[in-house]
Amino acid sequence: MRLAGKKAVVTGAGGAMGKVFSEVLAREGCDVAGLDVQGLDLFGDAVRATGRAALELKADITDLEATQAAIGQAVEAWGGVDILVNNAGGGMVRKFHEMTADEWRRMVDVNLTSVFNVTRAVVPSMLERGGGRIVNIASIAALRGGRLVRHATGYAAAKAGVVGLTKALAIEYATDGITVNCIAPGAQQTPGRDRDTPEGREALLAQIPTKTLGRPEDLAESIVHFCLPSAAYLTGVILPQDGGHGI
């Protein structure tokens, strides 16, 4: 219960990683608001099973007004937000010279504009409370150009924008008690990986020094660490959690 009484918002909480992040934060004492367009039932059940409160907030976070309205519900219910985990995102595989303008915009909207929208909606509450913790989930693709998955240029570029936004926000709010850090995960053991062919899995692991996939539970522990009082001097950090792929 190292974060007892804190109020957290997790985007993409309806997905596999978001659900894990929410559950681990709840075990550490947080009440958690999950923000997603669908799939929040499992999130709510997981958080409430720990004895903490859950808020299911349905909104398209590529829309600023819808996002502000959803965050407003959490602020009204809890009086403010202490922790924000910008986890929502999504990728696509498309050769760059075949990518359409709409596909490019979609990658930027889902992976970068969404982070702007939610952070823009949450920061005023953190300023009122005298501080807060923001943890952005980027990707090792932002640092390595998408070598793990070829033809993910739009995704890699948008996630690189998350890295840049993290650093700029860390500087902007450094004297306001708000820390802003970022995790750049490598390939994770999520349900989507079950679709890997044996050949595809072998080729993927061959690029990772540990020869293993990451665990969302370990990412969640890194999120918790960034949110602890003892992490007040950590801001603007980009943490590659990737089995050594970024070396």
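For the chain, set up a GNM with springs between Cα atoms under 10 Å and report which of His97, His225, His151 has the largest fluctuation. Maximum fluctuation in the GNM of the chain, among the listed residues, is at His97. On full extension, the segment bounded by Ala53 and Val237 gains 63.3 nm, given 0.36 nm per residue less the C-alpha separation.
The overall shape of segment 5-62, judged from the alpha-carbon gyration tensor, is prolate: a/c is not under 1.5, and a/b is greater than b/c. Each residue in Cys30, Cys227 was given a count of other beta-carbon atoms within 10 angstrom of its own, and listing them fewest first yields Cys227, Cys30.
Cα to Cα, under 18 Å, and not fewer than 8 places away if on the same chain: which aspartates and glutamates meet these conditions relative to Lys95? Within the straight-line limit of under 18 Å, Lys95 reaches these aspartates and glutamates: Glu103.
Between the residues Val85, Val163, Thr179, the greatest Cα displacement towards the positive end of the dipole of the chain, with unit charges on the Cβ of Lys, Arg, Asp and Glu, is found for Val163. Here the calculated FRET efficiency for Ile171 and Glu221, from their Cβ-Cβ distance with R0 = 30 Å, stands at 0.70, rounded to the nearest 0.05. Spatial offset of segment 192-245 relative to segment 73-152 amounts to 17 Å, using the alpha carbon center of each.
Along the axis of the charge dipole computed for the chain (Cβ charges of +1 for Lys and Arg, -1 for Asp and Glu, origin at the Cα centre), the listed residues Gly5, Val110, Ser139 are led at the positive end by Ser139. Find, among the trypsin sites (Lys or Arg not before Pro) in segment 116-209, those assigned to loop by DSSP (not H, G, I, E, B) with at most 12 other beta-carbon atoms within 10 angstrom. Answer in residue order: Arg150. Here the chain is treated with +1 on each Lys and Arg Cβ and -1 on each Asp and Glu Cβ, and its dipole about the Cα centre works out to around 580 debye. GNM on the chain, alpha-carbon springs under 10 angstrom: the most fluctuating residue among Gly192, Gly51, Gly161 is Gly192. Helices in the chain, meaning DSSP H runs of at least 4 residues, each add -39500 (n - 2.57). Divided by all residues, the mean residue ellipticity at 222 nm is -13000 deg cm²/dmol.
Read the figures in this text as sums done on the coordinates, not as results from a lab. Remember, predicted model here, so these are calculated numbers, not experimental data. Backbone-built Cβ (ideal geometry, glycine too); neighbour counts: all protein chains shown.
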